[in-house]
Structure formats: C-alpha cells, structure tokens
1. Of all the residues that make up region 74-94, how many are out of contact with any Cys (no Cβ under 7 Å at 6 or more places or on another chain) and within 15 Å of HIS46 (Cα to Cα)?
2. Kindly list, by first and then second residue, each pair from a residue in region 102-130 that is within 23 Å of PRO25 (Cα to Cα) and modelled with pLDDT of 95 or more to a residue that is assigned to a loop (DSSP other than H, G, I, E, B) and acidic (Asp, Glu), limited to pairs with Cβ atoms under 7 Å and residues at least 6 apart or on different chains.
3. In region 73-86, what residues are in contact (Cβ under 8 Å) with a residue 40 or more places away in the chain and away from the ligand (no atom under 16 Å from the Cβ)?
4. Evaluate region 34-42: report whether one residue or more is within 16 Å of ASN3 (Cβ to Cβ) and not hydroxyl-bearing (Ser, Thr, Tyr).
5. Is it the case that TYR116 is within 11 Å of the ligand (Cβ to nearest atom) and over 12 Å from the mean Cα position of the chain (by Cα)?
6. For region 25-48, name all the residues that are within 12 Å of the ligand (Cβ to nearest atom), out of contact with any helix residue (DSSP H, G or I) (no Cβ under 8 Å at 6 or more places or on another chain) and hydrophobic (A, V, I, L, M, F, W, C).
7. Looking at region 13-56 only, could you name the residues that are closer than 18 Å to PHE95 by Cβ and open to solvent by 90 Å² or more (accessible area, probe 1.4 Å)?
8. Can you pull out every residue in region 49-73 that is over 21 Å from LEU15 (Cα atoms) and either more than 12 Å from the chain's Cα centre (by Cα) or at pLDDT below 95 (or both)?
Amino acid sequence: MLNDFNIIGDHRGSLISIESKIDIPFEIKRIYYIFGNKNNVRRGFHAHKNLQQVLIAVSGSCKILLDNGQSKEEILLDSPQKSLLIQNFVWREMFDFSANCVLLVLASEHYDEKDYIRDYNQFLDLCKQK
Ligand code: TYD
C-alpha cells in the first residue's frame, strides 16, 4: 500500500517524522538501507511469512514489483515522502535503482532467515494454502 507521509516544512526545507504505530502500523524493530546499487541490479526475490516492512526511497528512485500470488503490480518510489507498506506473503523484487538511490526499510521484526520464502513456487503453494 502506497501512502504519503506528512511533510513538516518551513523556509529551511522539509522534515518527515515517522513514529511506530502512528505513521506506520507496526512497532519498528529493525532498520536497514540499501545503497550503492550497481547498474541493472535486481534484488529481493522473496516473501516473508510474518514480517511487515515499509520502504522509503529517501534519496533517488527505484521500482518495486509486488506479487501476492494472484496479481502483480509495479510501484515507483521516487520521493522521500512516499511510503510503501509491504505485508507478509507478498513476493517482492526491487530494480531500476538510480545511482543515488538510498532505499530505507523499516521492519516489524528482527532479522530471521527462517521467516524468508525464497522459492517462488513454494511461495505460490503457501499462498494457496492460506
Ligand atoms: P538479502 O535478503 O539477500 O537482500 P535483498 O532482499 O535486498 O536482496 O540480504 C542480503 C544479505 O544481508 C543476506 O546475507 C542477509 C543479510 N541481512 C542481514 O544480515 N540483516 C538484514 O536485516 C537483512 C535485510 C539482510
């Protein structure tokens, strides 16, 4: 789900504040960011059993493919104001990173490799069982 954060702006510039369970629907347990992306790199290729994440291109732009097992959509993140909530059981791929892209990710859980679904066919099977 794509949303716009509220910008607090004045003559000095802009500021966005993000508070757990107010501006995003979960408690933030982890933050990471992806940057220095090499040309034509595509990353992600997984879904999560439990994890929810909010993605923000705080600099530059990138595209996100979202696939819930039934339909696919492509989202352009090209503003620090845009936030993309990705729920569990959504396959995601990130691509078309601009050279200056810094993709900030706010995550609802600590890193847990067991929460990943990295096989697309297994992802489709799990979606059908839901
Ligand atoms: P990976 O999940 O492959 O990144 P992407 O989804 O962007 O393609 O993660 C790359 C490596 O970083 C992998 O070895 C797992 C590790 N990692 C952590 O240790 N902690 C984290 O919070 C994340 C997201 C990844």
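1. Filtering region 74-94 down to residues out of contact with any Cys (no Cβ under 7 Å at 6 or more places or on another chain) leaves 74-76, 78-88, 90-93.
Going one step further and asking which of them are within 15 Å of HIS46 (Cα to Cα), we end up with 86-88, 90-93.
Total satisfying the criteria: 7.
2. SER108/GLU27; ASP115/GLU109
3. Here is the first cut: in region 73-86, the residues in contact (Cβ under 8 Å) with a residue 40 or more places away in the chain are 75, 80-85.
If the condition is that a residue be in contact (Cβ under 8 Å) with a residue 40 or more places away in the chain and away from the ligand (no atom under 16 Å from the Cβ), then PRO80, GLN81, LYS82, SER83, LEU85 are the ones that fit.
4. First pass over region 34-42, keeping only residues within 16 Å of ASN3 (Cβ to Cβ): none.
No, the conditions are met nowhere in region 34-42.
5. Numbers: within 11 Å of the ligand (Cβ to nearest atom): yes; over 12 Å from the mean Cα position of the chain (by Cα): yes.
The answer is yes for TYR116.
6. Within region 25-48, ILE31, ILE34, PHE35, VAL41 meet the criteria.
7. Hits for region 13-56 are TYR33, PHE35, LYS38, ASN39, ASN40, ARG42, ARG43.
8. Residues satisfying the conditions are LYS49, ASN50, ASP67, ASN68, GLY69, GLN70, SER71, LYS72, GLU73.
The values are calculated or read from the model by the stated rules, or taken from the named source; none is laboratory data. Small disclaimer: the values here were computed from a predicted structure and weren't measured. In this analysis, Cβ positions are derived from the backbone assuming ideal geometry, glycine residues included, and neighbour counts consider all displayed protein chains. Side chains are part of the model used for accessible areas, which takes the heavy atoms of the whole protein and leaves out ligands, DNA and RNA. Shrake-Rupley method; radii C 1.70, N 1.55, O 1.52, S 1.80 Å.
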